Amino acid sequence: MSTLPLEAARSHVGALVDELTVKGAIRTPQWAEAFASVPRHVFVPYWYEQETNDKGISQWRRRATATDADALAAVYRDETLVTALDPSTAEQVDENVWSGIPTSSSTLPSLMAGMLEDLSVEAGHRVLEIGTGTGYNAALLCARLGEHLVHSIDVDPALVQAAQKRLAEIEVETQLVAGDGQNGYPTGEQFDRIIATCSVPQIPAAWIEQTKPNGIIVADVSLGIEGGLVRLSVADEQQAVGHFTTNSGRFMPARSDAQNYPTRERPVYAAETGTHPTTVTAGDVRSNYPFRLVLALELPDAELVYHSADDGTMSLQLQLPDGSWARTPVVGPATVTYGGPDNLWDRVEDAWSWWNDARRPAQDQFGYARQPEGAARVWHISTGRRWNV
Ligand SMILES: C[S@@+](CC[C@H](N)C(=O)[O-])C[C@H]1O[C@@H](n2cnc3c(N)ncnc32)[C@H](O)[C@@H]1O
């Protein structure tokens with residue numbers, strides 16, 4: 001691996017810190033200092049740019065930061081960069097071009113900064129990160145707290161090894177291990193803070209057990225259609241309680257096996273049943289993140305996908321595992337076309353009415369609680385309306 005000397009990126013690093021501060025993602029001088037001291041390009045020596053080939057198929061062009069000034073500059077922009085493709089599906093299609101499914105990325109720096117600020121670390125705190133990836137976030141934590149207090153785990157041993165080497169390049173040696181972070185850290189020790197950069201369907205029991213009393217967990221909870229970042233405190237070993245945060249951003253799902261990716265079986269779609277006008281358009285669903293969170297709570301088994309008709313019309317489609325579906329065009333009349341036993345869109349309209357009657361609460365108006373056993377709970381803080389998830 002050849003990386004540029006740190007000096008080569010000094011001005012880029014400063015510009016990134018300024019941008020993240022102006023955006024309000026970095027809120028404290030301590031995190032500004034940490035971001036200013038860690039060169040992101042060391043952790044992202046190459047990344048994959050998405051492009052579409054002449055057959056309309058998505059592929060990935062590898063960009064090396066040591067030899068390509070634009071690629072280096074991109075590393076210091078506030079962008080998520082794909083850094084790994086699944087080796088079992090990735091195929092080289094050209095000199096620097098691969099097909100395949102992304103399996104790791106260097107997270108959007110403003111999202112990372114917002115989550116680190118939400119973690120409210122203090123000197124002396126021991127932190128566990130789930131999802132080492134490139135090692136950049138682990139390096140930031142080390143810069144803020146000291147290498148002996150930071151632990152990180154990734155399901156992919158190759159990523160852990162690469163991250164270890166990159167940390168060594170900036171003379172940091174911290175505790176990295178390979179394994180399924182959903183089971184916590186293998187030694188079973190407790191931490192003051194846990195931060196996860198892969199999403200989980202609910203906060204795993206092991207994280208609650210491995211958080212010290214009054215410790216904090218910041219993680220992305222995936223609820224189907226939508227999900228979001230939660231900030232929880234663990235008052236004792238029994239319960240993690242808190243709320244969704246306004247720091248919006250989503251992560252790739254946690255997987256239990258480095259080489260295996262969760263896939264969802266597509267149902268056999270029901271025949272079309274009818275079309276009628278609707279009060280909730282695709283634009284309403286697309287542009288209101290907290291409303292999608294409510295939809296996810298109301299329709300836990302549903303999926304939201306884009307449907308492309310033979311005539312090229314794009315629609316937003318809601319579908320259930322039983323094959324029922326309802327779709328409304330992304331551009332065009334406020335109508336819904338549906339099929340199957342369940343007229344799904346009625347439930348979308350009911351959820352829309354509730355969310356509007358409740359004065360369009362943002363996601364931080366929703367609490368989240370999880371005990372090590374059983375379902376997690378989400379509730380709307382001011383009305384107390386609740387869902388088990
Ligand atoms: C968005 S990347 C993490 C970015 C990383 N924090 C960084 O600074 O580059 C998500 C990572 O989660 C890892 N991951 C997925 N499932 C996991 C699991 N069960 N336990 C630990 N890591 C997991 C992936 O391999 C991937 O590297």
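The values are calculated or read from the model by the stated rules, or taken from the named source; none is laboratory data. Values in this document were obtained by computation on a predicted structure and should not be read as measured data. Ideal geometry is used to build each Cβ from the backbone, glycine not excepted, and the neighbour counts take in all protein chains shown.
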Could you say which residue among Ala74, Ala32 is in a helix (DSSP H, G or I), modelled with pLDDT under 95, crowded, with 16+ Cβ neighbours inside 10 Å and more than 13 Å from the ligand (Cβ to nearest atom)? Ala74
Is it fair to say Leu232 is more than 16 Å from the ligand (Cβ to nearest atom) and over 30 Å from Glu122 (Cβ atoms)? no
Report, by residue number, each residue of the stretch 285-303 that is crowded, with 19+ Cβ neighbours inside 10 Å and of a type outside the set (Val, Ile, Thr). Pro290, Phe291, Arg292, Leu293, Leu295, Ala296, Leu297, Leu299, Ala302
Being over 30 Å from Ala90 (Cβ atoms), of a type in the set (S, T, N, Q) and in a loop (DSSP other than H, G, I, E, B) is the filter here; which residues of the stretch 231-261 pass it? Gln238, Thr245, Thr246, Asn247
With criteria (1) touching a residue at least 40 places away in the same chain (Cβ under 8 Å); (2) more than 9 Å from the ligand (Cβ to nearest atom); (3) touching a strand residue (DSSP E or B) at 6+ places or on another chain (Cβ under 6 Å), Ala64 comes up short on (1)
Would you call Thr89 β-branched (Val, Ile, Thr), in a loop (DSSP other than H, G, I, E, B) and within 14 Å of the ligand (Cβ to nearest atom)? no
Within the stretch 93-107, count every residue that is over 21 Å from Asp68 (Cβ atoms) and under 14 Å from the mean Cα position of the chain (by Cα). 2
Residues in the stretch 223-232 that are surrounded by fewer than 23 Cβ atoms within 10 Å (Cβ to Cβ) and modelled with pLDDT of 95 or more: how many? 1
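Please report, ordered by residue number, the strands (runs of 3 or more DSSP E) entirely within the stretch 283-389 with at least 1 residues that are among the hydrophobic types (A, V, I, L, M, F, W, C) and within 27 Å of the chain's Cα centre (by Cα).
303-308, 314-319, 325-329, 366-370, 376-380, 386-388
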Which is of a type in the set (A, V, I, L, M, F, W, C) and surrounded by fewer than 18 Cβ atoms within 10 Å (Cβ to Cβ), of Trp325, Trp345, Trp354? Trp354
Selection from the stretch 56-68 of residues that are out of contact with any Phe, Trp or Tyr (no Cβ under 7 Å at 6 or more places or on another chain) and more than 13 Å from Val97 (Cβ to Cβ): Gly56, Ala66, Thr67, Asp68
Can you work out which of the residues in the stretch 146-198 that are of a type in the set (Gly, Ala, Ser) and more than 9 Å from the ligand (Cβ to nearest atom) is surrounded by the most Cβ atoms within 10 Å (Cβ to Cβ)? Gly184
Here is a list: Glu117, Glu129, Glu122. Which entry is within 12 Å of the ligand (Cβ to nearest atom) and either in a helix (DSSP H, G or I) or at pLDDT 95 or above (or both)? Glu129
In the stretch 271-279, is there at least one residue being away from the ligand (no atom under 16 Å from the Cβ), in a loop (DSSP other than H, G, I, E, B) and either surrounded by fewer than 13 Cβ atoms within 10 Å (Cβ to Cβ) or among the aromatic types (Phe, Trp, Tyr) (or both)? yes
